[in-house]
Amino acid sequence: MRSVVSYALIAIVGGMVGAAVIKSDDLYQRIAGHFSAEPADPDGFWSTPAVAGYGKIHYEADAAFKPTVGLSNKVVFQLTRNEGDIKRPNLGLERVARVVNLYIAAGVPAEQLQFVVSMTGDATPATLDNAHFKQFYGVDNPNLALIGALNKLGVKVSVCDQSVAFHHYPRDWIDRSVIHALSSPTTVSTLENQGYAFLQM
């Protein structure tokens, strides 16, 4: 009789432990799911006020250190990397678009922006014309639409001709929307001497 009671107690305790383990696993899954799930942003949280579809921003009107109308809004951006998927726009160019969107959202007119982009190193392939980009990577150049949108806002996009040479690209493989510069270092140093702020993107 005692052994039957013992077995019954063991079965009850085992069942309780098993249920607790199952519940704790369920609890773990719910907590893990909560922290790993992408939070949903409300409508209108992100916007692209100037460069449509690129460089999304979340604008706060009362944030500090905003761009100011009338100040020297001269910036040279240097892009040296090819980040992310080669079949998507260069993330450095996306960041430039974000800065443009932030300036415009802060009230600085596009015609007051004096922005120059200097592309070099591993960022150089982004400046290829569509035919040669497709030849190398099998897809249309995803950067050209973004470069075109930046150009329309007065942003000058340039490529380092030293990098073009190191990549063994003939000069005419570079898209016509891109300016040929002697080099990226001399572009940056020349513009800094003219009062441009330097941003490494």
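The values are calculated or read from the model by the stated rules, or taken from the named source; none is laboratory data. Bear in mind that the values here come from a model prediction, so they are computed numbers and not experimental data. Here the Cβ is made from the backbone with ideal geometry for all residues, glycine too, and neighbour counts use every protein chain on show. SASA here: full protein model, heavy atoms, side chains in, ligands and nucleic acids out. Shrake-Rupley method; radii C 1.70, N 1.55, O 1.52, S 1.80 Å.
Tabulated data
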{"quantity": "Residue match in segment 93-106 (condition: in a loop (DSSP other than H, G, I, E, B), in contact with a Phe, Trp or Tyr (Cβ under 6 Å, 6 or more places away or on another chain) and in contact (Cβ under 8 Å) with a residue 24 or more places away in the chain)", "calculated": "no"}
{"quantity": "Pairs where the first residue, in segment 179-201, is over 18 Å from Ala126 (Cβ atoms) and at pLDDT below 95 and the second is of a type in the set (Phe, Trp, Tyr) and assigned to a strand (DSSP E or B), C-beta under 7 Å, 6+ apart", "calculated": "none"}
{"quantity": "Members of segment 86-95 that are of a type in the set (A, V, I, L, M) and open to solvent by 30 Å² or more (accessible area, probe 1.4 Å)", "calculated": "Ile86, Leu91"}
{"quantity": "Single residue of segment 49-63 satisfying the filter (over 15 Å from Ile147 (Cβ atoms) and not small (Gly, Ala, Ser)) that is surrounded by the most Cβ atoms within 10 Å (Cβ to Cβ)", "calculated": "Ile57"}
{"quantity": "Helices (runs of 4 or more DSSP H) fully within segment 109-192 counting 3 or more residues that are surrounded by 15 or more Cβ atoms within 10 Å (Cβ to Cβ)", "calculated": "144-152, 161-166"}
{"quantity": "Leading residue by the ranking (modelled with the lowest pLDDT) among those in segment 64-78 that are open to solvent by 40 Å² or more (accessible area, probe 1.4 Å) and either farther than 15 Å from Ile104 by Cα or among the hydrophobic types (A, V, I, L, M, F, W, C) (or both)", "calculated": "Leu71"}
{"quantity": "Residue list for segment 67-92, restricted to those being in contact (Cβ under 8 Å) with a residue 60 or more places away in the chain and assigned to a loop (DSSP other than H, G, I, E, B)", "calculated": "Ser72, Thr80"}
{"quantity": "Candidates Arg98, Arg81, filtered to the one that is touching a strand residue (DSSP E or B) at 6+ places or on another chain (Cβ under 7 Å), open to solvent by 70 Å² or more (accessible area, probe 1.4 Å) and modelled with pLDDT of 65 or more", "calculated": "Arg98"}
{"quantity": "Any hit, segment 108-127, residues being at pLDDT 95 or above, out of contact with any Lys or Arg (no Cβ under 9 Å at 6 or more places or on another chain) and of a type in the set (Phe, Trp, Tyr)", "calculated": "no"}
{"quantity": "Options Val155, Val159: the member that is modelled with pLDDT of 95 or more and more than 22 Å from Tyr103 (Cα to Cα)", "calculated": "Val159"}
{"quantity": "Close pairs (6 angstrom Cβ cut-off, 6 or more residues apart or separate chains): among the polar types (S, T, N, Q) in segment 126-141, open to solvent by 60 Å² or more (accessible area, probe 1.4 Å) anywhere", "calculated": "Asn130/Asp140"}
